[in-house]
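Just below is one structure, and these are the notes that go with it.
The values are calculated or read from the model by the stated rules, or taken from the named source; none is laboratory data. Worth saying up front: this structure is predicted, and the values here are computed from it rather than measured. Counting neighbours? That spans all protein chains shown, and the Cβs are built from the backbone with ideal geometry, glycine included. SASA here: full protein model, heavy atoms, side chains in, ligands and nucleic acids out. Shrake-Rupley method; radii C 1.70, N 1.55, O 1.52, S 1.80 Å.
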Amino acid sequence: MEWTESAKQTGIRQRSPTNPGPNKKSRLSSKWIRGKYLVLMFVPCLLYYLLFKYLPMFGIVISFKNYNLYKGIWASDWVGLKYYIMFFQNPDFPILLRNTFLLGFYKLLFGFPAPIALALLLNEVKTIVFKRFVQTVSYLPHFISNVVVASMVILFLSPSGGMINKIIESLGFESINFMVEPKLFRSIYVVSEIWQHIGWETIIYLAALTSIDPMLYEAAEIDGASRWKKLWNVTLPGIAPAIVILFILNVGKVLEIGFEKVFLLYNPATYETADILSTYVYRTGLMQGNFSYAAAIDLFTGVVSLVFIYSTNYLSRKLGETSLW
């Protein structure tokens with residue numbers, strides 16, 4: 001880089017026309033050299049989403065066709081919105097939608113604040129050994145498969161030898177067959193979800209808590225703030241962006257209730273409250289071979305989830321809070 005005549009007068013170094021500096025290609029090359037390892041680490045994540053999220057979206061087209069397995073996708077006849085209308089006119093539609101929404105809503109209502117509360121409690125613990133022990137014990141269930149968790153739930157709630165019924169009988173009450181009571185299914189599902197995932201989701205909030213400046217707590221103590229005041233005025237505002245982002249993402253999953261655990265826990269006796277969109281898609285799509293009808297239901301669920309997450313993000317942005325975009 002050379003000194004121009006005007007630069008000598010102003011004291012500011014400028015690029016002369018004969019030495020314009022590095023071009024765009026060289027800048028990109030230098031950025032690639034600096035970040036090549038980060039890009040390589042990102043490649044598996046990119047391949048996962050391309051292969052298992054975006055590529056399967058090509059199958060959406062069968063929801064508008066009378067899909068025949070032997071003819072293939074393109075040779076099958078177009079039927080337009082036939083299967084969507086069929087689903088909306090189905091007497092089971094309001095029941096399935098209600099069950100799915102309520103199960104997702106209860107999971108959001110009780111499951112979303114649980115890891116926040118646990119993170120705030122752990123943040124107040126001063127004994128490091130005890131704090132790490134609670135963290136380890138709480139997030140280990142996240143690594144247990146849904147099959148094992150469902151089996152544990154069924155065993156614990158067994159009317160003959162289950163631990164919960166043993167406690168009920170010791171108190172002088174009759175045992176309860178929890179797994180055939182429709183009104184108890186949602187509670188069983190939500191409690192098992194909280195127990196399984198509370199520790200894992202707490203890690204995010206504990207990481208957010210570490211970014212809070214300790215000087216804010218010191219200033220609050222000088223001002224005479226109690227522990228509750230510090231929690232309300234320092235801790236919660238410090239992790240508010242993380243709470244808002246995760247809340248938006250969780251709202252988008254209200255209708256996307258996990259199929260596996262519901263499928264493993266429900267039975268014909270609990271269909272009244274346990275049968276949801278994903279289990280209905282499994283029965284109609286895979287068990288009965290009506291792939292187009294099942295694809296239409298699944299696409300409807302995805303569109304509603306998109307509306308939920310977009311609306312929540314819009315409200316968050318309007319209120320001046322953190323948003324996804």
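With the requirement that a residue be among the small types (Gly, Ala, Ser) and farther than 23 Å from Glu272 by Cα, what does the range 137-182 give you? Even if it seems obvious, please write down each step before you answer.
So in the range 137-182, the residues among the small types (Gly, Ala, Ser) come out as 138, 145, 150-151, 158, 160-162, 170, 172, 175.
The answer is Ser138, Ser145, Ser160, Gly161, Gly162, Ser170, Gly172.
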With respect to Ile167, determine if the residue is among the β-branched types (Val, Ile, Thr), under 29 Å from Asn267 (Cα atoms), open to solvent by 70 Å² or more (accessible area, probe 1.4 Å) and at pLDDT 90 or above.
yes
Within the range 49-70, identify whether any single residue is of a type in the set (Ser, Thr, Tyr) and in contact with a helix residue (DSSP H, G or I) (Cβ under 6 Å, 6 or more places away or on another chain), and answer yes or no.
yes
When both residues are 6+ apart or on different chains and their Cβ atoms are under 7 Å apart, which pairs have a first residue that lies in the range 309-325 and is among the β-branched types (Val, Ile, Thr), and a second that is part of a helix (DSSP H, G or I)?
Ile309/Ile248; Ile309/Val251; Thr312/Ile248; Thr312/Val251; Thr322/Pro241; Thr322/Val244; Thr322/Ile245; Thr322/Ser316
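Go through the range 119-149 and count every residue that is in contact with an Asp or Glu (Cβ under 8 Å, 6 or more places away or on another chain) and not β-branched (Val, Ile, Thr). Lay out the reasoning, then the answer.
Pass one, the range 119-149, residues in contact with an Asp or Glu (Cβ under 8 Å, 6 or more places away or on another chain): 146-147.
From the residues that got through so far, the ones that are not β-branched (Val, Ile, Thr) too are 146.
Looking only at that region, the number is 1.
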When the range 19-77 is examined, which residues are found to be open to solvent by less than 70 Å² (accessible area, probe 1.4 Å), modelled with pLDDT of 85 or more and more than 28 Å from Asp298 (Cβ to Cβ)?
Val39, Val43
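Sort out which residues of the range 174-192 are hydrophobic (A, V, I, L, M, F, W, C) and either surrounded by 15 or more Cβ atoms within 10 Å (Cβ to Cβ) or at pLDDT below 90 (or both), and write them in order of number. Spell out the reasoning first.
Narrowing the range 174-192 to residues hydrophobic (A, V, I, L, M, F, W, C): 176, 178-180, 184-185, 188, 190-191.
Listed by number, the residues that qualify are Ile176, Phe178, Met179, Leu184, Phe185, Ile188, Val190.
Quick check on this structure: which one of Val129, Val153, Val137, Val147 is of a type in the set (Val, Ile, Thr), under 23 Å from Tyr271 (Cβ atoms) and surrounded by fewer than 16 Cβ atoms within 10 Å (Cβ to Cβ)? Before you say what the answer is, go through the steps one by one.
Values: Val129 fails: under 23 Å from Tyr271 (Cβ atoms); Val153 fails: surrounded by fewer than 16 Cβ atoms within 10 Å (Cβ to Cβ); Val137 fails: under 23 Å from Tyr271 (Cβ atoms).
When all the criteria are applied, what remains is Val147.
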Residues (part of a loop (DSSP other than H, G, I, E, B) and touching a strand residue (DSSP E or B) at 6+ places or on another chain (Cβ under 7 Å)) located in the range 72-94:
Val79
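Looking at Ala150, Ala119 in this structure, which one is in a helix (DSSP H, G or I) and over 18 Å from Ala207 (Cα atoms)? Lay out the reasoning, then the answer.
Working: Ala119 fails: over 18 Å from Ala207 (Cα atoms).
Only one candidate passes the filter, namely Ala150.
Looking at Lys229, is it in contact (Cβ under 8 Å) with a residue 60 or more places away in the chain and among the basic types (Lys, Arg)?
In short, no.
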Index of the failed condition, Asp223 passing every other in (1) in contact (Cβ under 8 Å) with a residue 60 or more places away in the chain; (2) of a type in the set (Asp, Glu); (3) over 30 Å from Lys65 (Cα atoms)
(1)
Find all pairs meeting these conditions: Cβ atoms under 8 angstrom apart; at least six residues apart or on different chains; first residue within the range 113-130 and over 18 Å from Ile212 (Cβ atoms); second residue among the hydrophobic types (A, V, I, L, M, F, W, C).
Ala114/Ile194; Ala114/Ile198
